Amino acid sequence: MVNRAHFVILVLAYRLLVPLSAEPDQTRESYVVYMGGGSGVEEEAVRAMHMEMLTSVVPAGDEQGRKVALTQSYHHAFEGFAAELTEAEAAALSGHERVVSVFRDRALELHTTRSWDFLDVQSGLRSDRLGRRASGDVIIGIVDTGVWPESASFSDAGMGEVPARWRGVCMEGPDFKKSSCNKKLIGARYYGSQTSNTSLGGAAALAATTGGSPLDAVGHGTHTASTAAGAVVADADYYGLARGAAKGGAPASRVAVYKACSLGGCASSAVLKAIDDAVSDGVDVVSISIGMSSAFQSDFLTDPIALGAFHAHQKGVLVVCSGGNDGPNPYTVVNSAPWILTVAASSIDRSFQSTIVLGNGTVVKGIAVNFSNQSINGGQYPLVFGPQVAGRYTPVSEASNCYPGSLDTQKAAGKIVVCVGTDPMVSRRVKKLVAEGAGARGLVLIDDVEKAVPFVAGGFPFSQVGTDAGAQILEYINSTKNPTAVILPTEDVKEVKPAPVVASFSSRGPGGLTEAILKPDLMAPGVSILAATIPTADKEDVPAGKKPSPFAIKSGTSMACPHVAGASAFVKSAHPGWSPSMIRSALMTTATTRNNLGQPVASSTGAAATGHDMGAGEISPLRALSPGLVFDTTTSDYLNFLCYYGYKEQLVRKLSGAAGAGFACPRGAPSPDLIAAGVNYPSISVPRLLAGKPVTVSRTAMNVGPSNATYAAAVDAPQGLTVKVSPERLVFSRRWTTAAYEVSFASGAGASKGYVHGAVTWSDGAHSVRTPFAVNVV
């Protein structure tokens, strides 16, 4: 029971402490009041208690006549609510004995086929034989911008009855009826603000823009849902490009969508509610292609995705999240809580080539998706560098970057303009719109950044080249009296090598909140992914005379995340009794670190990729069906992590709810240095290794393969780092038995300063269980 008298005293004390001369900020904003694990009380009783707490600090009405109201109430996997509060009211509620944290309802960002065939080929295994092992009714929940139910990717042809354990609903709204759901798309919810106050900004305004329907008005949610679990659609293409069978990673799985986002982003309160509902509805895997900006990361107890994912894990639900698009800089990965499966993005063996033919016959291979009507025999167009067609008084730097307003329409009209990408504030889309608005007949962009990520330019001739090819084009312009060129329509090129490559935009580790957990966890295809979309999206990209395509080509960790969600569902269907962390472990320890040339996977910079770029490596779903050993990270591991991280024992107990009533923090906590040793994770990260002070990390492996198995350890370590494994052999008499071991790290002569990377691999001759490590030698 809540000690109401004690709480009222706290509220009065807070008000007395506010200086009389200081006028507290009376602006109302949306806040989330998080109260930890669920109490098991009935829904109506929980809502009543939340309202009682709210009315104890919020006046019955304000000067605009607005009534006190909960905008969201969380009561399934965890407890809490969202409401419009002043800063003083939020501070007062934070003093309640049942409250874990109170935080502003921030806006989260959207992290915006051949990929599955490529993953099958990279595994080196027969997908037809192994795939028959993976069958069953797994439900994937997609928290995103909604769904376009008419897409062929959500056809339920041949599917059996909806699993009896499903407890979700199909909410109705404009252009979305209950009949929009079927045996494939089994559930759909949407989240708008439940308050009548429309004057609020920020996340509250975002919640209102999600609309009164699960229908997708953006295309992002439809794309991610079909990538994870779309039905097989033969002869799918994007206006003739990327033609083939489009399918999700788990085409036999069911889909439930939770529309918590709009084009402008996602309200934290809505995302938290979506996770709460998804767990209650009965999903097995949740896919979330959204997150905080890496520049403004929250701690674990005020991050809505981290909080929701923790309680989902408690209930046996795996949460897969995109790692963010702020790469290639380090310390940019988000969604990095250890109970989240965090995904990086990579390329596949397909490229979209947009060729530039210069007037002297030189052919320059560029990258883009465009449907140009230009041809070699159709006549050349004058080729100019941006500053040559600059407006009056325009700085050279602005014209060379195709800055808005920098090009003179009379000078640029009818010409192909060449611009550079030295100003990161001017995106490729803006440059394209500037050139198109000036009457140009095409745009050549010279920029190494994201040159491997094709920009979709629609019918406008566009091609992007690197600095070397760009120098060749500029030299031609400078050495020719009347330079000309044409930009040919895009062709798709298959079996590109090397692949995969870590995408330039993919956020990198180490984690900004803790370096003791190696993040990201895994890498999956996220560049130029063909999947379903809404037919009215991106009208400016529709070629002249064409109808909007039901498929789109998109890039981002948003696209990589549902690949891993689909792979997780694939593994879950074969092993329904496995815990979320066992599934994650299987995917991580069987991931590949070699490309299709048999060489180490490279980063977008050309250097060999490390664990901070790709985690354990590129997913190999077929191999993950039979990993041999797994590392089962339990809720106790995560509670210990929070203790080591620095949270007080009482707060950690509240977080865990009734299950943590007798929990006590381990000896030595708080101590961030003990995280690496105290959490049974499928990878290892040592944030500080001092000379003469070895660090020892323990792990416990579980045998999920045959009985009477013996595994031997092999170490791949960089020069100067001494790595010892004890014992060097693990013996398992039966399946489901466990064995513990220790890995010690010591720096010696010749050790490089900073992070170094390697791996410990256990093998029984049939299985290879690789656990990567990152060690910071200081």
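Values computed for the structure shown
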{"quantity": "Inter-label distance, nm, simple model (7 Å from Cα along the C-beta direction), residue 693/residue 636", "calculated": "2.9"}
{"quantity": "Among 498, 374, 402 the positive-end extreme of the charge dipole of the chain (Cβ point charges)", "calculated": "498"}
{"quantity": "Simple label model, 7 Å out from Cα along Cβ direction - residue 710 to residue 722, nm", "calculated": "2.8"}
{"quantity": "Surface share of carbon and sulfur [accessible, 1.4 angstrom probe, percent] for the chain", "calculated": "52"}
{"quantity": "Calculated FRET value between residue 671 and residue 68, using beta carbons and R₀ = 45 Å, to 0.05", "calculated": "0.55"}
{"quantity": "Isotropically averaged projected area of the chain, using the convex hull of Cα atoms (one quarter of hull area), nm²", "calculated": "37.4"}
{"quantity": "Relative contact order (percent, whole number), region 352-492, Cα cutoff 8 Å, 6+ residue spacing", "calculated": "38"}
{"quantity": "Distance (nanometres) between label positions extended 7 Å along Cα→Cβ at residue 234 and residue 478", "calculated": "5.6"}
{"quantity": "Where trypsin sites (Lys or Arg not before Pro) fall in DSSP loop in region 691-778, at most 15 other Cβ within 10 Å", "calculated": "734, 735, 753"}
{"quantity": "Space enclosed by the convex hull of the alpha-carbon atoms of region 629-777, per residue, Å³", "calculated": "111"}
{"quantity": "Rounded Å value of the spacing that divides the Cα centres of region 680-728 and region 595-609", "calculated": "24"}
{"quantity": "Nearest-20 debye value, the chain charge dipole, Cβ charges on Lys, Arg, Asp, Glu", "calculated": "1320"}
{"quantity": "Most positive-pole-ward Cα, 37, 528, 741, against dipole of the chain from beta carbon charges", "calculated": "741"}
{"quantity": "Cα centroid of region 233-255 to Cα centroid of region 736-778, whole Å", "calculated": "39"}
{"quantity": "Selection from 763, 775, 690 lying farthest towards where the dipole of region 629-777 points positive, charges on Cβ", "calculated": "690"}
{"quantity": "In order through region 337-353: 3J(HN,Hα) via Karplus (6.51 cos²θ - 1.76 cosθ + 1.60), integer Hz, x for Gly, Pro", "calculated": "4, x, 8, 9, 8, 9, 10, 9, 10, 9, 8, 10, 8, 9, 9, 10, 9"}
{"quantity": "Computed E for residue 393/residue 547 - FRET, C-beta separation, R0 51 angstrom, nearest 0.05", "calculated": "0.70"}
{"quantity": "Per residue, in Å², the accessible surface of the chain once ligands and nucleic acids are set aside, probe 1.4 Å", "calculated": "38"}
{"quantity": "Cα centre as origin, Lys/Arg/Asp/Glu Cβ charges: region 352-492 dipole, Debye", "calculated": "380"}
{"quantity": "Proximal aspartates and glutamates relative to residue 365, as straight alpha-carbon distance under 20 Å, when same-chain residues fewer than 8 apart are discounted", "calculated": "349, 447, 448, 450, 468, 475, 491, 492, 495"}
{"quantity": "Reach of residue 753 by Cα under 19 Å, taken over aspartates and glutamates that are not fewer than 8 positions away in the same chain", "calculated": "515, 613, 673, 716"}
{"quantity": "Unpartnered cysteines - no second Cys beta carbon under 4.7 Å - across the chain", "calculated": "321, 561"}
{"quantity": "Length released on extending from residue 280 to residue 599, taking residue separation times 0.36 nm less the Cα-Cα span", "calculated": "110.4 nm"}
{"quantity": "Counting DSSP beta bridges with both ends in the chain, the antiparallel % (nearest 5)", "calculated": "65"}
{"quantity": "Using θ = phi - 60° and Karplus 6.51 cos²θ - 1.76 cosθ + 1.60, couplings along region 578-588 (whole Hz; Gly, Pro as x)", "calculated": "6, 6, x, 6, 5, 5, 4, 4, 4, 5, 6"}
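The values are calculated or read from the model by the stated rules, or taken from the named source; none is laboratory data. Remember, predicted model here, so these are calculated numbers, not experimental data. Don't worry about glycine lacking a Cβ; one is built from the backbone with ideal geometry, like all the others, and counts go over all protein chains shown. Remember, those area values only see protein heavy atoms, side chains included, never the ligands or the DNA or RNA. Shrake-Rupley method; radii C 1.70, N 1.55, O 1.52, S 1.80 Å.
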